[in-house]
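First up is the structure itself, then whatever we jot down about it.
Coordinate-derived values only; no laboratory data. For clarity, every value in this text was computed on a predicted model and none was experimentally measured. Neighbour counts run over all protein chains shown; Cβ positions are idealised from the backbone, glycine included.
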Amino acid sequence: MCIAVAKPRDIKVRKKVLKECFRNNPDGVGFAYPSKKEKKVEIHKGYFSFRQFWADYRKIQETGCPMIIHFRIATSGKVDGENCHPWRINKKHALIHNGILAHKIDLEHEDVSDTGLFTEHFFKPIFAHGPALWLNPAFKWLIEESIGNTNKIAILSADGEIRIFNEKQGEWDAGIWFSNKSYKEKRVKRTTTWTPARTEYGLHAKLPPKVSLNKELPLLSLPAPKPPLITTPALKEPVEEDVSRSF
């Protein structure tokens with residue numbers, strides 16, 4: 001899973017945040033920004049070292065221009081500079097993507113990622129026929145329906161416009177849009193553990209705090225048993241024998 005980042009104008013992304021994005025998505029980094037002089041979208045990609053990426057990125061960020069940034073985890077295609085994002089749609093538009101589109105398109109290529117194929121066979125023909133169509137709300141709805149809510153795409157234009165598809169599936173933080181939570185530092189919860197402790201008597205277990213071997217179990221008080229009820233058969237009264245005889 002990659003992470004796509006959309007940075008509006010005059011907003012800065014902290015180095016620490018970008019470094020965490022790189023740590024969690026290390027298969028190549030790239031970014032794009034509008035060039036007023038050239039009247040096009042400039043793309044810089046193929047960074048596999050955070051130091052090199054940061055050296056180039058910070059210079060552009062200081063100008064305050066809007067940018068799209070992408071940190072990749074490869075799910076299809078080679079791990080190389082060509083498959084890094086952003087992908088160019090035309091001279092004035094570029095995109096970044098987070099998700100998996102392979103099951104959405106009936107195209108496969110051993111070397112090219114699903115985002116590259118989707119850009120080449122879907123976005124490029126559409127932008128060739130209607131460059132302004134991507135700003136239409138109906139087009140946005142069609143894109144989101146076609147890619148499904150697990151995919152997120154951000155498009156940047158040469159005039160600095162950024163359009164995010166499935167924006168609600170990501171999150172805004174400090175004025176910056178992130179396609180998922182992998183920009184956040186993952187903190188491991190500490191748990192109580194025990195380790196063996198060597199004493200003069202040998203190796204013994206050191207128990208966690210608040211545990212005592214000498215703790216006695218409470219005695220259970222049970223009611224005294226009742227004696228069993230013994231029943232004996234009733235005694236019959238003796239019958240007097242008639243011993244009188246007649247002579």
FRET efficiency for residue 51 and residue 74 from the Cβ-Cβ distance with R0 = 25 Å, rounded to 0.05, comes out at 0.75
For residue 1 and residue 90, extending 7 Å from Cα along the Cα-Cβ vector and measuring point to point gives, in nm, a value of 3.5
Taking only the alpha-carbon positions of the range 3-178 as identical scatterers, the Debye log10 I(q)/I(0) at q = 0.10, 0.16 Å⁻¹ comes out as -0.34, -0.94
Distance in nm between residue 111 and residue 161 label points, each 7 Å along Cα→Cβ, equals 3.5
The simple spin-label model distance between residue 171 and residue 136, using points 7 Å out along Cα→Cβ, in nm, is 3.5
